[in-house]
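What follows is a short report on a single structure.
The values are calculated or read from the model by the stated rules, or taken from the named source; none is laboratory data. This one's a predicted model, so the numbers in the text were calculated from it and none came from an experiment. Cβ atoms come from the backbone with ideal geometry, glycine included; neighbour counts cover every protein chain shown.
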Number of protein chains: 2
Amino acid sequence: MPQPPASLDLLCLGNAIVDVVAPVTEAFLAAHAMAKGTMHLIDTETAEALYAAMPPGVESSGGSAANTAAVAAGLGIEVGFLGKVADDQLGAVFRHDIVAAGVHYPTPPLTDGAPTARCLIMVTPDGQRTMNTFLGASVSFGEDDLDHDLIRAAKTLYLEGFLFDPAPAQAAFRGAARLAREAGRRVALSLSDPFCVARHREAFRALLPTIDILFANEAEITSLFETDDFNQAAAAARQAVPLAVLTRSEHGSLILEGVAQAMVPAAPAEVVDTTGAGDAYAAGFLAGLSQGRGLAASGWLGSRAAAAVIGHYGARPRIDLAGLAAAG
Amino acid sequence: MPQPPASLDLLCLGNAIVDVVAPVTEAFLAAHAMAKGTMHLIDTETAEALYAAMPPGVESSGGSAANTAAVAAGLGIEVGFLGKVADDQLGAVFRHDIVAAGVHYPTPPLTDGAPTARCLIMVTPDGQRTMNTFLGASVSFGEDDLDHDLIRAAKTLYLEGFLFDPAPAQAAFRGAARLAREAGRRVALSLSDPFCVARHREAFRALLPTIDILFANEAEITSLFETDDFNQAAAAARQAVPLAVLTRSEHGSLILEGVAQAMVPAAPAEVVDTTGAGDAYAAGFLAGLSQGRGLAASGWLGSRAAAAVIGHYGARPRIDLAGLAAAG
């Protein structure tokens, strides 16, 4: 294993998942009672039945915070990731991909337990992705897996809301956030998914006073503050956290920091599969901040990173991102 | 397991492989001493070292004859596949994908042996693919794995030249061809790769009198007949087999049947990754013949099937092919 870096710009904590992506029709979603654009947790049995019903797929490493880590590393900042795979073939794929992306990844694999987590992703012709996650080994990520030195060494700790689903991961989430704050580091939270917000709304709200940067899309932020009105939700977010970054798909993003705000357009892209768009946006934004850019310029790097993943199947870019960061 | 079909239009026999595809630079190929556009066999140790050096990848089912089977099934003919995976996660991925493509796949997995075969595919910016295959479990496919009833039930048996590399598979190849001929069925052979032809030139030539349809690209057919001149090689192929189908990348294909011949253009496509182009062409051509089309129309279906796979990473189409076949 490579030496741990003395300091990191960004440490991401999340579920370690391999995506299985397949194109489906709207009728397929309806037949399987899936709500388009959201994430569902499924058990082993459902995962097997759904996989059997799915068209041929393409496998690639995923996981929300892991995607953010991979993209941010591609943009040139120092990044680490913590999350649990199993000691199996898909775990080896996940490890290879995140390390090859330049991310420091010290978490040892789970042995003799559940297999590596899988997310069965149905992509409809409009490019929207509907996710069905079998958490497998990733539920066993717990407080023991927290690398205290690494958390203290990272300028920003980034946590995915999905971690609230498995109880041991939620404990790790809370422990990591506490360690980071004690070390005077910034803590960022991504709300992940509107259903995830609905499952953990009170816990997320209670957490907000300890969060420095909040990432959410329109469905997530309106769910968090229980309103249908995006502007109301944005106002609440502005009050709740020092820096709120709200993404709105093709309408770009709204960034709120105290009295300052920036409205950033989406970058032009042909939409094939939106999987990972929000993760890539967060990576671009955080890389921008880390490189000393302002809010609008950081948001624009986020928009361009998102555009780099939605033109193909899969959540991570197929191109060298160094040019994006250099282009400013 | 589903009931075996009473009859098949096409039965493909080949290595059962999962592809790991990653974009690389020309310098990466040079640094690893790879000849662009060809296939190399690698051992476990080399596979591990090369995988460690590779950028993040995308996994999808591959294998030359298996690709042909999947595409042909998508074009609406009845198809089976014989080839060996291991009882592991990548083996499950391979099985899922070929069955979900509509292919009958009765070969049981290998237990307690080598893992499922993997092909590490480097795609350069020009879209050319360079393949490094770890044969794993697929080398254990042998004569015992031949499903005699299925071979007799299939109008055409399609064999990939790569099967000549592992000795047990070569025995299975010869056994299958003999069974098919005894049952009065057509036998098709794809030469697979110029290096594979060089390794087995004499054996392939000795086999030609038993072959009804020969598929080869320019590098393969000139290697087979040891000439630099494509026209000479084509003339030799015309003498050697009843039906020779010679593909020439963007220059289309030349189809030779006795005194008849057809020249077929390539179909327009943006080239991202040429992996599987030849396999898809063979699928389209064989599906065309099976549906009663003439040589040129069958070749054109082959050209369009190839175009459907070279616009993205991976060897199999991401779209519903039924429209291609219907469009004539």
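State whether one or more residues within region A:230-241 are surrounded by 15 or more Cβ atoms within 10 Å (Cβ to Cβ), without any contact (Cβ under 8 Å) to a residue 60 or more places away in the chain, under 30 Å from A:Asp126 (Cβ atoms) and not hydrophobic (A, V, I, L, M, F, W, C).
Looking through region A:230-241, none of the residues is surrounded by 15 or more Cβ atoms within 10 Å (Cβ to Cβ), without any contact (Cβ under 8 Å) to a residue 60 or more places away in the chain, under 30 Å from A:Asp126 (Cβ atoms) and not hydrophobic (A, V, I, L, M, F, W, C).
Since B:Arg304 meets every condition but one in (1) in contact with a Gly (Cβ under 8 Å, 6 or more places away or on another chain); (2) in a loop (DSSP other than H, G, I, E, B); (3) free of Cβ contacts under 8 Å to residues at least 40 places away in the same chain, which condition does it not meet?
In the conditions (1) in contact with a Gly (Cβ under 8 Å, 6 or more places away or on another chain); (2) in a loop (DSSP other than H, G, I, E, B); (3) free of Cβ contacts under 8 Å to residues at least 40 places away in the same chain, B:Arg304 misses (2) alone.
Residues of region A:17-55 being surrounded by 15 or more Cβ atoms within 10 Å (Cβ to Cβ), within 13 Å of another protein chain (Cβ to nearest Cβ) and more than 22 Å from the chain's Cα centre (by Cα), which ones?
Within region A:17-55, A:Val24, A:Phe28, A:Leu50, A:Tyr51, A:Met54, A:Pro55 qualify.
Determine which member of the set A:Ala169, A:Ala114, A:Ala183 is buried (at least 19 other Cβ atoms within 10 Å of the Cβ) and aliphatic (A, V, I, L, M).
Just one listed residue meets the conditions, A:Ala169.
Applying the selection to region A:175-199, what residues are touching a Leu at 6+ places or on another chain (Cβ under 8 Å) and not β-branched (Val, Ile, Thr)?
Those that are touching a Leu at 6+ places or on another chain (Cβ under 8 Å) and not β-branched (Val, Ile, Thr): A:Gly175, A:Ala176, A:Ala177, A:Leu179, A:Ala180, A:Arg185, A:Arg186, A:Ala188, A:Leu189, A:Ser190, A:Leu191.
Contact list please: Cβ distance under 8 Å, first residue in region A:35-53 and among the basic types (Lys, Arg), second residue in a loop (DSSP other than H, G, I, E, B), pairs at least six apart or on different chains.
Matching pairs, first to second residue: A:Lys36/A:Thr124; A:Lys36/A:Gln128.
Modelled with pLDDT of 95 or more and farther than 23 Å from A:Ser298 by Cα: does that describe A:Glu220?
Judged against the criteria, A:Glu220 is not a match.
From the list A:Arg205, A:Arg186, which one is at pLDDT 95 or above, touching a strand residue (DSSP E or B) at 6+ places or on another chain (Cβ under 6 Å) and of a type in the set (Lys, Arg)?
That would be A:Arg186, the only listed residue that is at pLDDT 95 or above, touching a strand residue (DSSP E or B) at 6+ places or on another chain (Cβ under 6 Å) and of a type in the set (Lys, Arg).
All but one of (1) at pLDDT 95 or above; (2) farther than 21 Å from A:Pro166 by Cα; (3) away from every other protein chain (no Cβ under 14 Å) hold for A:Gly14, so report the exception by its number.
(2)
Is it true that some residue in region B:285-306 is within 14 Å of chain A (Cβ to nearest Cβ) and over 15 Å from the mean Cα position of the chain (by Cα)?
Checking region B:285-306: not a single residue is within 14 Å of chain A (Cβ to nearest Cβ) and over 15 Å from the mean Cα position of the chain (by Cα).
Can you tell me which condition A:Thr227 does not meet? The list is (1) surrounded by 17 or more Cβ atoms within 10 Å (Cβ to Cβ); (2) touching a helix residue (DSSP H, G or I) at 6+ places or on another chain (Cβ under 6 Å), and all the others hold.
(1)
Could you give me the residue pairs with C-beta distances under 7 Å whose first residue belongs to region B:56-85 and is away from chain A (no Cβ under 14 Å), whose second residue is of a type in the set (D, E, K, R) and surrounded by fewer than 24 Cβ atoms within 10 Å (Cβ to Cβ) wherever it lies, and which are 6+ apart or on separate chains?
Qualifying pairs under 7 Å: B:Ile77/B:Asp9; B:Glu78/B:Asp9; B:Leu82/B:Asp145; B:Leu82/B:Asp147; B:Lys84/B:Asp145.
So B:Gly184 passes all but one of these: (1) in contact (Cβ under 8 Å) with a residue 12 or more places away in the chain; (2) over 16 Å from the mean Cα position of the chain (by Cα). Which condition number does it fail?
Among (1) in contact (Cβ under 8 Å) with a residue 12 or more places away in the chain; (2) over 16 Å from the mean Cα position of the chain (by Cα), the lone unmet condition for B:Gly184 is (1).
May I ask you to list the residues in region B:96-117 that are within 21 Å of A:Ala47 (Cβ to Cβ), of a type outside the set (A, V, I, L, M) and at the interface with chain A (Cβ under 10 Å from one of its Cβ atoms)?
B:His96, B:Asp97, B:Thr116
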